[in-house]
Amino acid sequence: MTQQHHWRKTILVASLIFGMFFGAGNLIFPVQLGQLAGANWLPATLGFLVTGTLVPFLAMLAVSVTRSRGVYDIAKPVAPWFGTLFLVMLHLTIGPFFGTPRTAATAFSMGVAPFLPGSLQTGGMFIFSALFFGLAYVLSVKQSNLVSWIGKYLNPLFLILLVGILCIALLVPMGNLQQTVNTAYQQNAVFQGFLDGYNTMDGIALLALAVTVVYAVKGLGYHDDEVPKMVAKAGMLSIVVEAAFYTALVLLGTSSLGAFKVSANGGDTFAQIVGHYAGNFGTLFTGVVVTLAVFTTAMGLFASFAQDMHKAFPKVSYLNWLRVIAAGSFITANAGLTNIVAWAVPVLMLMYPFALSLIALSLLAKFFNRSAIVYQMVMVFVIGPACLDALSNSPVSVVGWVSQIVTTYHQVVPLAAQGMGWVVPGMVGLMLGYAVYRVQTLNAKKIDIRDTTLSE
């Protein structure tokens, strides 16, 4: 294989990864962050890039160094049952419960709803989501379609449209970058940006989508030993491009405050910005861009859901799992985008501590030979803070003794008030688990030496 041919394949895989990641959430959340962070856009962006780009890249490295082929392999060292449970929870989160329904709901709210009267909104969403998920199902039936449709056609077209918007808006800005700072970003802009990055779901999505990327790389003719290196190289390329887009979108959101007030969500902001520069045509243009963005993401999530779930429960075929996610996404999407986003936050606050811990453990696994006790100790110490973070971000207010526990947790545990209370307990679990592992290793060596001596 020539160097030029190798790089072409690297770019193709990078395009696949970018196309599956960069959906509607990746488009609208940075814009919203820019509006809310105002003059503090830089520290907020740095925090956002950690969870939005660095964590997904570390997840790619975790998949590479452990030679994992899916989220189950990443979580299995804790216990086989935990690997299956985590796989199911993760796929339900980024699949039919939140991730895939959000793709159609966002596309409809930004690209179709503005052209429909209020009386037709419900029926319009029903028809649009049926067509959207029906087409995603058809194109995902044959797994080989993913590279050609996402990597070669849909993703490049989406990038052309998005770059056009960004170039016009950034060359002719609506305002400067010294804008009003929202309360949440005044003191802890970096931490708030870090938590905002959860909304993209990229950190946990990579663990699920890794299996699709591995299949795509092997389909290009790479052997098992070559796959991890290609995934890491293509992943780095896609993440660098994604970071550049995120930064540009944050700047776009901040400068928009020179012409508009803070919007309820990034989707409204993005539509206003495009409308400012392109008038009525801009609304239609936004709909095309967003639909392309979310559709590529939906296809990737469909395939990874069906592949991983079929591995975990082989009695149900890949095709039937595709039907499950298509039907489930259709039902949830019609509950409304507002409800989807509101309930996604506490679930992500629950899932991310486990996902980030598993990524870190995978990268450090060579130091403790993927010992189960290390994994188990970390999970034991993380589960409590993760549940409390989820409760404190629930749309339903917690009261009584539960509220008192959450308040005490925020006051006592370091970083808990910033939504990252799992970090210190997780590190404690890691140190204790490693200590137990070392003791077990030394004892095993002593037994081996004694047995060798006796045999002599």
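Per-structure values
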{"read-out": "Filtered residue count, region 319-331, keeping only those that are buried (at least 18 other Cβ atoms within 10 Å of the Cβ), more than 18 Å from the chain's Cα centre (by Cα) and in contact (Cβ under 8 Å) with a residue 40 or more places away in the chain", "value": "4"}
{"read-out": "Among the candidates ALA264, ALA298, ALA259, ALA293, residue that is modelled with pLDDT of 75 or more and within 20 Å of THR200 (Cα to Cα)", "value": "ALA298"}
{"read-out": "Some residue of region 10-17 being at pLDDT 90 or above and more than 22 Å from VAL290 (Cβ to Cβ)", "value": "no"}
{"read-out": "Test: residue in region 332-340 that is over 17 Å from the mean Cα position of the chain (by Cα), surrounded by fewer than 16 Cβ atoms within 10 Å (Cβ to Cβ), free of Cβ contacts under 8 Å to residues at least 12 places away in the same chain and in a loop (DSSP other than H, G, I, E, B)", "value": "no"}
{"read-out": "Residue list for region 90-119, restricted to those being surrounded by fewer than 18 Cβ atoms within 10 Å (Cβ to Cβ) and of a type in the set (Gly, Ala, Ser)", "value": "GLY118, SER119"}
{"read-out": "Residues that are aliphatic (A, V, I, L, M) and surrounded by fewer than 24 Cβ atoms within 10 Å (Cβ to Cβ), drawn from region 181-216", "value": "VAL181, ALA184, VAL190, LEU195, VAL211, VAL214"}
{"read-out": "Cross-chain or 6+ apart pairs with Cβ under 8 Å, region 281-293 first and touching a residue at least 60 places away in the same chain (Cβ under 8 Å) and within 21 Å of GLU242 (Cβ to Cβ), then among the hydroxyl-bearing types (Ser, Thr, Tyr) and part of a helix (DSSP H, G or I)", "value": "VAL290/THR106"}
{"read-out": "Filter result (crowded, with 20+ Cβ neighbours inside 10 Å and part of a helix (DSSP H, G or I)) within region 59-70", "value": "ALA59, MET60, ALA62, VAL63, SER64"}
{"read-out": "From the options PHE48, PHE29, PHE108, residue that is closer than 30 Å to ALA189 by Cα, part of a helix (DSSP H, G or I) and at pLDDT below 90", "value": "PHE29"}
{"read-out": "Region 50-67: number of residues that are of a type in the set (Lys, Arg) and under 16 Å from SER357 (Cβ atoms)", "value": "0"}
{"read-out": "Failed condition for LEU161, given (1) surrounded by 22 or more Cβ atoms within 10 Å (Cβ to Cβ); (2) modelled with pLDDT under 85", "value": "(1)"}
{"read-out": "Among the residues listed as ALA271, ALA326, the single one being within 30 Å of GLY134 (Cβ to Cβ), at pLDDT below 80, assigned to a helix (DSSP H, G or I) and in contact with a Ser or Thr (Cβ under 9 Å, 6 or more places away or on another chain)", "value": "ALA271"}
{"read-out": "Residue match in region 71-83 (condition: small (Gly, Ala, Ser), assigned by TED's automatic domain parsing to the domain that holds GLY197, crowded, with 18+ Cβ neighbours inside 10 Å and closer than 17 Å to GLY300 by Cβ)", "value": "no"}
{"read-out": "All positions within region 217-244 that are within 30 Å of ASN40 (Cα to Cα) and surrounded by 21 or more Cβ atoms within 10 Å (Cβ to Cβ)", "value": "GLY235, SER238, ILE239, GLU242"}
{"read-out": "Filtered residues of region 124-155 (kept if surrounded by 15 or more Cβ atoms within 10 Å (Cβ to Cβ), in a helix (DSSP H, G or I) and modelled with pLDDT under 85)", "value": "LEU139, SER140, LEU146, VAL147, TRP149, ILE150, GLY151, LEU154, ASN155"}
{"read-out": "GLN121 vs. criteria at pLDDT below 90, farther than 17 Å from GLY25 by Cβ and in a helix (DSSP H, G or I)", "value": "yes"}
{"read-out": "Count of residues meeting criterion [of a type in the set (Val, Ile, Thr) and crowded, with 17+ Cβ neighbours inside 10 Å] in region 164-180", "value": "1"}
{"read-out": "Any chance VAL294 is among the β-branched types (Val, Ile, Thr), in a helix (DSSP H, G or I) and surrounded by fewer than 24 Cβ atoms within 10 Å (Cβ to Cβ)", "value": "no"}
{"read-out": "One residue from PHE285, PHE305, PHE281 being at pLDDT 80 or above, within 28 Å of ALA130 (Cβ to Cβ) and assigned by TED's automatic domain parsing to the domain that holds ALA14", "value": "PHE305"}
{"read-out": "Residue ranges of helices (runs of 4 or more DSSP H) in region 345-456 with at least 3 members within 22 Å of the chain's Cα centre (by Cα), among the small types (Gly, Ala, Ser) and surrounded by 15 or more Cβ atoms within 10 Å (Cβ to Cβ)", "value": "372-392"}
{"read-out": "Per-region count, region 413-443, residues in contact with a Gly (Cβ under 9 Å, 6 or more places away or on another chain) and either among the hydrophobic types (A, V, I, L, M, F, W, C) or in contact (Cβ under 8 Å) with a residue 40 or more places away in the chain (or both)", "value": "4"}
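Residues are listed down the side, and each one gets a yes or a no for (1) under 21 Å from the mean Cα position of the chain (by Cα); (2) part of a helix (DSSP H, G or I); (3) among the small types (Gly, Ala, Ser):
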position: VAL213; (1), (2), (3): yes, yes, no
position: ALA216; (1), (2), (3): yes, yes, yes
position: ASP225; (1), (2), (3): no, no, no
position: ALA243; (1), (2), (3): yes, yes, yes
position: ALA264; (1), (2), (3): no, no, yes
position: GLY275; (1), (2), (3): no, yes, yes
position: THR283; (1), (2), (3): no, yes, no
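Residue by residue, here is whether (1) at pLDDT 90 or above; (2) outside the structural domain of THR93 (by TED's automatic domain parsing); (3) farther than 29 Å from ALA79 by Cα holds:
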site	(1), (2), (3)
LEU388	yes, yes, no
TRP401	no, yes, yes
GLY419	no, yes, no
VAL428	yes, yes, no
TYR434	yes, yes, no
ASN443	no, yes, no
ILE447	no, yes, no
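The values are calculated or read from the model by the stated rules, or taken from the named source; none is laboratory data. Please read these numbers as outputs of a predicted model, since none were measured by experiment. Here Cβ is always computed from backbone atoms with ideal geometry, including for glycine, and neighbour counts include all displayed protein chains.
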